[in-house]
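Below: the structure, in structure tokens.
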Amino acid sequence: MPALPADPNVLHPMPEQKRVVLLKPLITSPLIEVGDFSYYDDPDDPTAFETRNVLYHYGPEKLIIGKFCALGEGVRFIMNGANHRMDGPSTFPFPIMGGSWSEHFDLISGLPGRGDTVVGNDVWFGYGSMVMPGVRIGHGAVIASGSVVVDDVPDYGIVGGNPAKLIRRRFDDADVARLLDLAWWDWPLTHITEHIRTIMSGSVDALEAVAPDRS
């Protein structure tokens, strides 16, 4: 009997654990893109991810999350809509209070942003971590619990703290280059299914040995 791949389109991949949701079938906003099998775990209401975990998302910047990402409880993405002016005496957004103050809405519209927030594939976010606007997080990265990520994270980097700093990289430069070339997350699902154990616990050499033929 052939191995049966998991289904990337079910909302609850573990039916007995409603705290875990796959994000791709959950997302409705055109400003959020999520790849297959990326999930969020929250004992309260994981289905409210778009409103509770992606904050100040008024556009046009996007949140883009790759495949096979693991998001622990309380992960937050702060988007560019949270920006306030800082070039005058006050940072307070008077125009949003209404009345005649709203005539000055031009003072807060079009504030400079950092662009899309982009998360690579196979990224692990620890409990309560926060990502600030316009950050780019590389493939295979690990974000420690409680981290506040204000700068880009390299591929296979482990970061932690507030502001988050690079602690170490999971592999040396040569192996990172090999892993990026292998890009196991783009393999056919049937091939991933066949080689789960190597992907999870094998060496880079072993992963390279079972890679699908790309000729």
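The values are calculated or read from the model by the stated rules, or taken from the named source; none is laboratory data. As the structure is a prediction and not an experimental result, all values here were calculated from the model. Reconstructed Cβ throughout: ideal geometry from the backbone, glycine too, with neighbour counts over all protein chains shown. Please note that ligands, DNA and RNA were not included when accessible areas were found on the heavy atoms of the full protein model with its side chains. Shrake-Rupley method; radii C 1.70, N 1.55, O 1.52, S 1.80 Å.
A compact table of results
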| read-out | value |
| --- | --- |
| Linear extension gain, R197 paired with L11, 0.36 nm per residue minus alpha-carbon span | 64.5 nm |
| Normalised per residue, the volume of the convex hull around the Cα set of the range 85-215 (Å³) | 176 Å³ |
| Rg ratio (alpha-carbon, reference 2.2 N^0.38 Å) - the range 14-59 | 1.15 |
| Highest-MSF residue in the chain out of M97, M130, M200 [GNM, Cα springs under 10 Å] | M97 |
| Helix-derived mean residue ellipticity, 222 nm - over the chain, DSSP H n ≥ 4, -39500 (n - 2.57), to 500 | -3500 deg cm²/dmol |
| Spherically averaged projected area in nm², based on the convex hull that wraps the Cα atoms of the range 102-143 | 4.1 nm² |
| Other-chain or far-sequence residues with amide H under 5 Å of S147's (modelled H) | S129, M130, G161 |
| P(r) of the range 1-139 over all Cα-Cα pairs, binned every 5 Å from zero, in whole percent | 2, 9, 17, 20, 16, 11, 9, 7, 5, 2, 1, 1, 0, 0, 0 |
| For the range 87-167: accessible area per residue (Å², 1.4 Å) | 53 Å² |
| Acute angle (nearest 10 degrees) that the helix 173-182 long axis makes with the longest principal axis of the chain, alpha-carbon atoms | 80 degrees |
| Label point at S90 placed 7 Å out along Cα→Cβ; residues across the range 104-118 whose backbone nitrogen lies under 20 Å | 104-111 |
| Protection proxy ranking, peptides 35-48, 64-77, average beta carbon neighbours within 10 Å, highest first | 64-77, 35-48 |
| Accessible area per residue, Å², the range 1-81 with all protein chains present, probe 1.4 Å | 51 Å² |
| Surface share of carbon and sulfur [accessible, 1.4 angstrom probe, percent] for the chain | 56 percent |
| Net charge over other residues, Cβ less than 13 angstrom from the Cβ of L189 (K, R count +1; D, E count -1) | -3 |
